[in-house]
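I'd like to ask some things about the structure below.
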Amino acid sequence: MIGVFDSGIGGLTLLHEIILQLPDEQYCYYADTENVPYSTKTEDQIKSYVDEAVNYFFQRKVKVIVLACNTATNVCIEDLRSRYTLPIIAIQPAVKVAVDNDPLHRKILVCATPITLRSVRFQRLVDLLGANNLVERLALPELVKLAEAEIFDEKATQYIKDSLEQFDIKRFGSLVLGCTHFTYFEPIFKKIAPHLSIYDGNEGTARHLKNILGRLNLNSKEKFSVEYIESGNPTQNIERFERYIERVKLLS
Ligand code: DGL
């Protein structure tokens with residue numbers, strides 16, 4: 001079984017991509033519904049929430065954990081990898097993809113949670129790519145709340161428009177959605193700024209997971225299944241998860 005973790009429903013955008021690439025696995029998707037959004041929490045709080053999810057995954061004897069939450073990755077991944085030998089795959093903003101795909105070296109707008117954008121790990125990524133002059137940061141914490149409330153209408157459009165106003169967006173070549181919740185709003189970003197190439201970390205992370213499973217000979221020989229857990233308990237509202245999955249399918 002593969003454990004996929006997010007603070008809420010954002011990680012379903014990655015889960016969908018993983019299922020496309022690995023259709024014969026058993027999945028346990030853990031949404032920390034009781035504590036979302038993480039961007040208003042302290043790092044210690046986030047570490048303890050992620051620990052609970054990881055302990056849950058250990059009880060369920062998962063073979064690999066996927067952190068489908070950029071915020072949790074930036075706060076916890078080094079600590080988790082130092083404590084456990086189980087493979088832990090983690091999403092991160094797709095800045096490298098944006099850099100590699102623009103021969104004109106235009107500016108890159110990275111939208112994520114404030115915790116991700118001010119993290120040492122994110123800065124290290126930008127440094128490593130030599131992209132300090134290209135990358136601009138935009139925190140959009142409201143989008144996490146709007147996605148959780150299934151609000152994808154005019155209110156979301158207005159919030160995104162207002163937030164983008166501080167940038168001369170014509171000078172940018174790409175937009176990186178560095179929070180899994182933000183992928184739901186990709187059509188809105190596209191409408192507002194059609195000239196931008198938009199990237200998220202989902203495709204790359206799913207491909208990485210597939211490679212790791214292959215390399216470790218951990219591929220499943222059983223039938224596909226998926227179950228949804230909310231902060232340690234099986235969901236009482238499977239329809240809600242299915243609605244989001246349907247929405248993600250419309251994006252691809
Ligand atoms: N999906 C999480 C991420 O990728 C959202 C964080 C939150 O709960 O604020 O960053």
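Checking Phe185 against (1) farther than 23 Å from Phe122 by Cα; (2) free of Cβ contacts under 8 Å to residues at least 60 places away in the same chain; (3) open to solvent by less than 50 Å² (accessible area, probe 1.4 Å); (4) not aliphatic (A, V, I, L, M), which test does it fail?
(1)
Would a scan of the stretch 33-55 turn up a residue that is more than 29 Å from Phe152 (Cα to Cα), open to solvent by less than 40 Å² (accessible area, probe 1.4 Å) and not aliphatic (A, V, I, L, M)?
No: the stretch 33-55 contains no residue that is more than 29 Å from Phe152 (Cα to Cα), open to solvent by less than 40 Å² (accessible area, probe 1.4 Å) and not aliphatic (A, V, I, L, M).
Test of understanding: among Leu20, Leu15, which residue is under 12 Å from the mean Cα position of the chain (by Cα) and aliphatic (A, V, I, L, M)?
Being under 12 Å from the mean Cα position of the chain (by Cα) and aliphatic (A, V, I, L, M) holds for just one of Leu20, Leu15, which is Leu15.
Now for a separate question. Would a scan of the stretch 212-235 turn up a residue that is over 17 Å from the mean Cα position of the chain (by Cα), in a helix (DSSP H, G or I) and closer than 26 Å to Leu117 by Cβ?
No, the stretch 212-235 contains no residue that is over 17 Å from the mean Cα position of the chain (by Cα), in a helix (DSSP H, G or I) and closer than 26 Å to Leu117 by Cβ.
Looking at Ile192, Ile212, Ile229, Ile238 in this structure, which one is under 17 Å from Tyr27 (Cα atoms), open to solvent by 40 Å² or more (accessible area, probe 1.4 Å) and of a type outside the set (Gly, Ala, Ser)?
Step by step, each of Ile192, Ile212, Ile229, Ile238 is checked, and only Ile238 is under 17 Å from Tyr27 (Cα atoms), open to solvent by 40 Å² or more (accessible area, probe 1.4 Å) and of a type outside the set (Gly, Ala, Ser).
Check Arg118, Arg83, Arg137 and return the single one that is within 16 Å of the ligand (Cβ to nearest atom) and free of Cβ contacts under 8 Å to residues at least 24 places away in the same chain.
Result: Arg118 is the single residue among Arg118, Arg83, Arg137 that is within 16 Å of the ligand (Cβ to nearest atom) and free of Cβ contacts under 8 Å to residues at least 24 places away in the same chain.
Only one of Thr113, Thr40, Thr85 is at negative phi, among the polar types (S, T, N, Q) and in contact with a strand residue (DSSP E or B) (Cβ under 9 Å, 6 or more places away or on another chain); which?
Checking each option against the conditions leaves just Thr113.
Would you list the strands (runs of 3 or more DSSP E) that sit entirely within the stretch 1-75 and hold 2 or more residues that are near the ligand (Cβ under 10 Å from one of its atoms), out of contact with any Cys (no Cβ under 7 Å at 6 or more places or on another chain) and of a type outside the set (Phe, Trp, Tyr)?
none
Separate question: Consider Pro93 carefully, then state whether it is in contact (Cβ under 8 Å) with a residue 24 or more places away in the chain, open to solvent by 50 Å² or more (accessible area, probe 1.4 Å) and not in a strand (DSSP E or B).
Spelling it out, it is not the case that Pro93 is in contact (Cβ under 8 Å) with a residue 24 or more places away in the chain, open to solvent by 50 Å² or more (accessible area, probe 1.4 Å) and not in a strand (DSSP E or B).
Here is a follow-up. Assuming Ser82 fulfils every condition listed in (1) assigned to a helix (DSSP H, G or I); (2) crowded, with 23+ Cβ neighbours inside 10 Å apart from one, which condition is it?
Only one criterion in (1) assigned to a helix (DSSP H, G or I); (2) crowded, with 23+ Cβ neighbours inside 10 Å is unmet by Ser82, namely (2).
The values are calculated or read from the model by the stated rules, or taken from the named source; none is laboratory data. These numbers come from a predicted model, not from an experiment. Every residue, glycine among them, receives a Cβ derived from its backbone with ideal geometry; neighbour counts consider all protein chains shown. Areas reflect the complete protein model, heavy atoms only, side chains present, ligands, DNA and RNA absent. Shrake-Rupley method; radii C 1.70, N 1.55, O 1.52, S 1.80 Å.
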